[in-house]
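Data first, discussion second: the structure below is written as structure tokens.
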Amino acid sequence: MMKTIDFISLGCSKNLVDSENLMGLFEAHGYHVTHDSDDPQGEIVVINTCGFIADAKEESINTILEFAQAKTEGRIERLYVMGCLSERYLAELEAEIPEVDGWYGKFNYRQLLSDLETHPQTPPFMEGGDYSKPYSPRPIGRGWERVLTTPRHYAYLKISEGCDRHCAYCAIPLITGHHQSRPMQEILDEVRWLVSQGTKEFQVIAQELTYYGVDIDGQQHIAELIEQMADVEGVEWIRLHYAYPAHFPWDLLRVMREKKNVCNYLDIALQHISDHMLERMRRHVTKQETYDFVERVRREVPGICLRTTLMVGFPGETDEDFRDLLEFTKWARFERMGAFAYSEEEGTYSAEHYEDDVPADVKQARLDKLMRIQQNISAELEAAKIGQTLRVIIDREEGDWYVVRSEFCSPEVDPEVLIPIEEQLTIGAFYDVRITDAEEFDLYATTIYE
């Protein structure tokens, strides 16, 4: 009988892509796969974990324990764990949770198929590939494609793995290793295949996408890659996530201006603004360079939507540092902004060299104050859109509303646009809408017909 495997994906969209690839591999070998089921009924459960920060690690461990209990009670047959948490803490996890049948890291998870002893060690279509590396040529069109867990009209496209930046607070390089770019032709082949499956919108993701290509020939090739993607027939929207301000490839802004299907949207985590904090964080950028960066981006791509992430409570952050951050936030008026309080991660530069000396209540108070300022900015920016016409894509129906997004809204993380269900609209189709009302984060709209 066909075995059912339920995949549970935790953490970021990069993890989700790994899950989709593994789901495709299993489906190509006769398994029935499901994803994030509310009540998993499969004989086998695979959990893809996150190990980035304390809250994510806690969620991953609690999920593993939940399914370990399900196995003990006989509700599932086998349990496997993969991803960032097990990549980093394999020995400890094996000792603490013996109910798990197998542990896999970030890069060897495809070994799970052969370890189930159902299929040969190397399926025919994998011959000749080096599958010990995070990215080797995928046999797109030869029997193994991703199983999309998103609505089919959009997909996440991971262009690289790892990071060479080594910011003081970040554990990602400890988990994923050095930056490794996927071959450009492989990425473009995947884009064409996804388009053939109905995908119109691409969220281009990486730990640091502006570094793309440097490990191949020493040059940044992100602008070239996005330009070639934009020329693929059927690609309607391309949205860029997780850039870095130092050594930014400015030609990417030219591509944004010239290619109408490259969204005026850039996700770039700036983290802080004071020179004191930026130096301690090892960000390799200064306060003035950051101000200049924001000004230049807005000048070269008028109307761009900037998404950023800021951090409070990093070791040594003073009241003056925090005031600098508040002033920068008021000045920059980011369209999208998230913030978080510093959490010490073992093995990072900051954990080994700095004392976590900002009290927890001070961190929380600073975080709350920063986000109140951003909420007011967001409310003003969204209200200014009333009366404007936007092109949107229909994501889903929810209650009495169509939930839709403009080019300035990335799935899962950004505000949405709501259209009352008064007529039949097509999921995954584009429409022009007029904004009629705004709340702090969400917009309301009606469709426009010529």
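The values are calculated or read from the model by the stated rules, or taken from the named source; none is laboratory data. Not measured: the values here are computed from a predicted model. A quick note on method: Cβ atoms are made from the backbone with ideal geometry, for glycine too, and the neighbour counts reach across all protein chains shown. Accessible surface is based on the protein model in full, side chains and every heavy atom, while ligands, DNA and RNA are left aside. Shrake-Rupley method; radii C 1.70, N 1.55, O 1.52, S 1.80 Å.
When exposed loop sites are taken as trypsin sites (Lys or Arg not before Pro) in a DSSP loop with at most 12 other Cβ atoms within 10 Å, the longest stretch of the chain clear of them is 261-450. Rounded to the nearest 20, the Cβ-based charge dipole of the stretch 303-423 about its Cα centre (Lys and Arg +1, Asp and Glu -1) stands at 640 debye. What the Kirkwood sum gives for the stretch 273-371 is a hydrodynamic radius of 14.4 Å, with every pair of different alpha carbons counted. Sites listed here are GluC sites (Glu not before Pro) in the stretch 211-299 whose DSSP assignment is loop and whose Cβ has at most 13 other Cβ atoms within 10 Å: 233. Inter-label distance, residue 92 to residue 380: 4.5 nm, where each label sits 7 Å from its Cα along the C-beta direction.
Note on the chain: with neighbouring protein chains present and a 1.4 Å probe, carbon and sulfur make up 47 percent of its accessible heavy-atom surface.
Structural descriptor for the stretch 9-69: relative contact order 38 percent, calculated from alpha carbon pairs under 8 angstrom and at least 6 residues apart. Looking at the chain alone, DSSP beta bridges between its own residues are antiparallel in about 35 percent of cases.
Around the Cα centre of the chain, unit charges on the Cβ atoms of Lys, Arg, Asp and Glu (plus for the first two, minus for the last two) sum to a dipole of about 1200 debye. The residues 412, 439, sorted by heavy-atom accessible surface at 1.4 Å with ligands and nucleic acids left out, run 412, 439 from largest to smallest. Expressed as a fraction of 2.2 N^0.38 Å, the C-alpha radius of gyration for the chain is 1.00. If you take the Cα centroid of the stretch 240-301 and the Cα centroid of the stretch 364-409, the two points sit 22 Å apart.
Distance between the modelled labels on residue 412 and residue 372, one decimal in nanometres: 3.2 nm (7 Å Cα→Cβ projection). Could you tell me the distance between the Cα centroids of the stretch 156-229 and the stretch 418-443, to the nearest Å? Between the Cα centre of the stretch 156-229 and that of the stretch 418-443, the gap is 32 Å. In the full protein context, the chain carries 43 Å² of accessible surface per residue, based on a 1.4 Å probe and ignoring ligands, DNA and RNA. As a length-normalised measure over Cα pairs under 8 Å and 6 or more apart, the relative contact order of the stretch 231-357 settles at 24 percent.
When Rg and the Kirkwood Rh are both derived from Cα coordinates, the Rg/Rh ratio for the stretch 369-420 amounts to 1.01.
Pairs of alpha carbons in the stretch 208-349 separated by more than 26 Å make up 29% of all such pairs. Here the gap between residue 430 and residue 299, fully extended at 0.36 nm per residue and compared with their Cα-Cα distance, gives a gain of 44.3 nm. For the stretch 155-208, the Cα gyration tensor yields ellipsoid semi-axes of 27, 11, 7 Å (square root of five times each eigenvalue, largest first, whole Å). Working note: 222 nm ellipticity from helices only, DSSP H runs with n ≥ 4, each -39,500 (n - 2.57), summed and divided by the residues of the chain, gives -10500 deg cm²/dmol to the nearest 500. Kirkwood hydrodynamic radius, computed over distinct alpha-carbon pairs, for the stretch 293-450: how many Å, to one decimal? When all Cα pairs of the stretch 293-450 are included, the Kirkwood radius is 17.9 Å.
Computed about its Cα centre, the charge dipole of the stretch 373-450 is approximately 260 debye, with only Lys, Arg, Asp and Glu carrying charge at their Cβ. Per residue, the average separation of C-alpha pairs within less than 8 Å and at least 6 apart gives the chain a relative contact order of 9 percent.
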